[in-house]
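The values are calculated or read from the model by the stated rules, or taken from the named source; none is laboratory data. Model, not experiment: these values are computed from the prediction. Neighbour counts run over all protein chains shown; Cβ positions are idealised from the backbone, glycine included. Accessible surface areas use protein heavy atoms only, side chains included; no ligands, DNA or RNA. Shrake-Rupley method; radii C 1.70, N 1.55, O 1.52, S 1.80 Å.
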Amino acid sequence: MGTEIDLQKKQQYATEKIRKKFNWTNINMVKKIILALITCIVLPTHLYADDVLKSFIPESQYDPRSLYDIELYYKVMEATKDEFGPFKIDLIQREASQNRDLREVASGKAVNVDIVAARTEWEKETIPIRIPILKGLLGIRLFLIKQNKLDLFSNTDSLAELKKLRLGSGKTWSITQALQRQGFNIVSGNNYDGLFKMLVINRFDYFPRGLNEIYKELELRKTEYPEITIEPTIALKIPLPTFFFVSPQNPRLAKRIECGLKKIMQNGVFDELFQKHFGNLYQRAQLNKRKIFMLDNPCLSQQTLKALKQ
């Protein structure tokens, strides 16, 4: 009975603390984040845990992308408890810039782990765990557009024509660098939330989003931006593997994460988690009804390209 009361108190405390700190008004998202966090908080650890995984939660109140990451952190660490001992997970608010995030992870002080799309800078300055954790979903890009531009895209028949249109993307994102080097007409933004507003005010024509991102992002913004829709006839496909990146100051943690990933992939826990978050996306995307433009990714290292072939 006492344990149940303590758990309720911790849930209430964590919910209120996170809601106040990040001003999250989307209650469903708060609940999902809290469930993931509370699982990590209340399961058996001690005050001086051997391993502390320190990572990010989203900068935006309307950013659902970290829900899967947080659950995956827990699954990986829990799977290796017998070999590596107890653990703790600490989360802080993400900064707007991936370059700054990289410096944080490399230093290992406030943050020592992140999950991002692979690029050479991250691979050089951190310890990459080259096991893809999104099964290619991030590299399948569908487009958020304004409804009044549906005809513009349905009449776009070639990659050359698509490259002439203005594409919106985050200034420091891995995908931005890859698309720039292949001749896309990029309009970059510094702020995640701001990119959706830039689309609405016609700063660019389309905003490519990963298959794992686009449906939830549209759902969360349908009231604020009712004119945004998902373009139904085109998709881009680019190698964009998503890895764990660990601070070089924490090689033991890197080894633990790699062991944990391999273990949950072997025992079915990973597939179960993936299905829970992303199970119906291919069906929703109807890729067989779209023109799919295949791209290379010149920003991937030879080690990553080799890992993807295995």
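Details
- Test: residue in region 105-116 that is assigned to a strand (DSSP E or B), in contact with a strand residue (DSSP E or B) (Cβ under 9 Å, 6 or more places away or on another chain), surrounded by fewer than 21 Cβ atoms within 10 Å (Cβ to Cβ) and not β-branched (Val, Ile, Thr): no
- Search result, residues across region 275-299 that are closer than 20 Å to residue 156 by Cα and assigned to a helix (DSSP H, G or I): 285, 287, 288, 289
- Looking at region 205-251, the strands (runs of 3 or more DSSP E) lying wholly inside it that each contain 2 or more residues that are in contact with a Pro (Cβ under 8 Å, 6 or more places away or on another chain) sit at 242-246.
- Region 211-233 residues that are closer than 24 Å to residue 291 by Cβ, paired with ones that are among the aromatic types (Phe, Trp, Tyr) (beta carbon under 6 Å, 6 or more apart): 212/278; 231/143; 231/153
- A single member of 275, 266, 249 is under 20 Å from the mean Cα position of the chain (by Cα) and either open to solvent by 30 Å² or more (accessible area, probe 1.4 Å) or among the hydroxyl-bearing types (Ser, Thr, Tyr) (or both), and it is 275.
- Pick from region 125-158, criterion open to solvent by 30 Å² or more (accessible area, probe 1.4 Å) and not in a helix (DSSP H, G or I), ranking: farthest from residue 260 (Cα to Cα): 155
- Condition broken by residue 221, with the remaining ones in (1) over 17 Å from residue 136 (Cα atoms); (2) at pLDDT below 95; (3) surrounded by fewer than 14 Cβ atoms within 10 Å (Cβ to Cβ) satisfied: (3)
- Count - residues of region 278-310 that are modelled with pLDDT of 95 or more, among the aliphatic types (A, V, I, L, M) and open to solvent by 20 Å² or more (accessible area, probe 1.4 Å): 3
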